[in-house]
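Here's the structure we're looking at; comments come further down.
The values are calculated or read from the model by the stated rules, or taken from the named source; none is laboratory data. In this text the structure is predicted, and so the values were computed from the model without any measurement. We work out accessible area using only protein heavy atoms, side chains counted, and drop any ligands, DNA or RNA first. Shrake-Rupley method; radii C 1.70, N 1.55, O 1.52, S 1.80 Å.
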Amino acid sequence: ETKVWKVDKYGDNLYTYPQIKEAAELLQQNEIVAFPTETVYGLGANALSNEAVEKIFQAKGRPSDNPLIVHISERKEVERFAENIPEKAEKLMEAFWPGPLTIILNTKPGIISEKTTAGLSTVGIRMPNHPVALALIKASGLPIAAPSANLSGKPSPTSFSHVYQDMNGKIAGIVDGGETGVGVESTVIDCTGEIPIILRPGGITKEEIETIVGPVDMDIQIKEEVENPRSPGMKYKHYSPNVPMVLVDGSPEFLQKIIDEKRQEGKKVGVLTTEERKDFYQAEKILTCGNRKDLSTVARSLFKTLRAFDQEKIDMIISETFPAEGIGIAIMNRLIKAAGHTVIYEN
Ligand code: TXA
Ligand code: MG
């Protein structure tokens, strides 16, 4: 019963396509529709409607105190939904929109559904850099509330098949626009205070942001659990494969030693590694995500690889770690959550 529309993202005037129009009409009728963005697939609903947004929380099994990002297709829409917009926020929009940056601003009361904002006085807004997403938002004429289109707790979907697996039968439709690009979600930055604060590392790096607005804070510990996170989403279990996962921070030799110990305990071990090191290890299953020399390739295939382990007959996953710099911060943030904060250090 879930409709599927295939759309070529390189087409001209996508917002006039019948598939996009049909999907947009369902959004106008307060139904929910999944669509591709440049980061991950989103599960979209009319951000103005409690009824529509409630369906997202139902379909995902998402806790209702976790607010949703509002997606727009034109810069001028920001003033409709937010007020007291600081100059640093303006600069960030100018520099990174459309793109993987979500900006938290003070909400203009009474417009965006309080289910979208989870009752907060702030709202996260982003203009995605994907032709299908922009066309769908434009065709609907609505601000679109959209979390990642996975079941709550699962890795975010980077291809149509991931969305179909999690959402078929639960939502009105899925726009299939092929694989997403960045692979990790948008960076979330709170611009309501004097100094902007990164609440979630993502597609735009801290370094890139600081070249535009100067120093920013980061409310993220890579190594420890955040106790009182400012972003409600930070406190939930996330990205979890079906079997336990452990991060091992150290040399390949040290990793193999840990693998051997687990195998001696009778466990079937899956290893998450990269192209450079894939031939080094001996285990029941070795899966690679990208290339260490270019961490953007790791970001792109990370969630796909985590999901692929669910198809394997293994008892646990042992994963390498990555340098916590640039996009590596977002990668490590997702891996640490996937591992439920279990990290073994060589030193
Ligand atoms: O790349 C992305 O951002 C994708 C695509 C679909 O756009 N969306 C996404 O949404 O990742 P979601 O719901 O999975 O993650 C949104 C994050 C959550 O951690 C949420 O707590 C935080 O943004 N967030 C949203 N509104 C907020 C607000 N007003 N204040 C603080 N955090 C907020
Ligand atoms: Mg998500």
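For region 96-204, dividing the convex hull volume of the Cα atoms by the residue count gives 124 Å³ per residue.
D by Stokes-Einstein for region 252-292, Kirkwood Rh over Cα pairs, 4 °C, 1.567 mPa s: 125 µm²/s. Between the alpha-carbon centres of region 321-341 and region 114-142 there is a gap of 27 Å.
Accessible surface computed residue by residue for region 77-217, with neighbouring protein chains in place and a 1.4 Å probe, gives 35 Å² per residue. Close amide-amide hydrogen proximity is noted between Ile344 and Leu247, Val248, Asp249, each under 5 Å apart and 5 or more residues distant or on a separate chain (H modeled in the peptide plane; Pro and chain starts excluded).
For the chain, the alpha carbon convex hull comes to 132 Å³ per residue, rounded to a whole number. Radius of gyration (Cα atoms) of region 290-344, expressed as a multiple of 2.2 N^0.38 Å: 1.13.
Working note: Debye formula, equal point scatterers on the alpha-carbon atoms of region 48-138, no solvent; log10 I(q)/I(0) at q = 0.13 Å⁻¹ is -0.43. Ignoring lysines fewer than eight residues from Lys88 along the same chain, the ones with Cα atoms less than 24 angstrom from its Cα are Lys76, Lys108, Lys206. Note that region 227-347, at 25 °C in a medium of 0.890 mPa s, gets a Stokes-Einstein diffusion coefficient of 168 µm²/s from its Kirkwood radius over C-alpha pairs.
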